[in-house]
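Below: one structure, written as structure tokens.
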Amino acid sequence: MKTLIEHFEVLEDPRDIRGKRHELKNILVMTVYGVLCGFTDFVNMTDFLELKEEYFVELLGLENGIPSHDCFSRVFAVINAKNFMEVFIEWIKETVKEKGRFLSIDGKAIRAATDRVNGGNTPYVVSAFLSEIGISCRTTKSR
């Protein structure tokens with residue numbers, strides 16, 4: 001099974017070579033770590049990554065430390081989002097296809113939050129959790 005780093009190595013880095021201090025694959029791996037730890041913005045995620053800098057220097061061989069939140073923002077503004085998602089989904093598929101793993105799914109209707117704009121539809125929250133790995137996903141949809 002390929003590692004997350006190996007999956008991200010195939011992505012094209014559209015950034016200008018001048019002034020580039022961080023490898024694309026390292027930025028993407030740190031972002032996945034941050035998101036899996038519950039961070040939804042680059043400022044707080046960068047603060048978290050800096051607290052764990054020693055771990056990431058050893059794991060990824062970082063030469064210039066943790067990128068700034070501005071660096072993360074710029075990278076995600078210029079990368080091909082479709083290609084990123086394809087590679088990320090391929091890694092998830094490889095990770096979860098091992099036998100003996102269970103995907104727990106839970107759904108709830110939020111009855112008190114009826115969507116008056118879209119004809120009175122009730123929003124639903126659906127969560128999936130792969131406990132052996134600690135990966136979770138949540139989505140909200142009106143029905």
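Could you go through segment 43-56 in sequence order and give the Karplus-derived ³J(HN,Hα) for each residue, using 6.51 cos²θ - 1.76 cosθ + 1.60 with θ = phi - 60°, rounded to whole Hz, and x for Gly and Pro?
Listing the rounded values in order: 5, 5, 4, 5, 4, 4, 4, 5, 5, 10, 4, 4, 4, 6 Hz.
Using R₀ = 25 Å, calculate the FRET efficiency as 1/(1 + (r/R₀)^6) where r is the Cβ-Cβ separation of V125 and K97; round to 0.05.
The pair V125/K97 has a calculated efficiency of 0.45.
Stick to Cα atoms and the Kirkwood definition of Rh, then tell me Rg/Rh for segment 4-96.
Here Rg/Rh amounts to 0.93.
Throughout, read-outs are computed from the coordinates displayed, never taken from laboratory work. Fair warning: this is a prediction, and the values are worked out from it, not measured in the lab. Cβ atoms come from the backbone with ideal geometry, glycine included; neighbour counts cover every protein chain shown.
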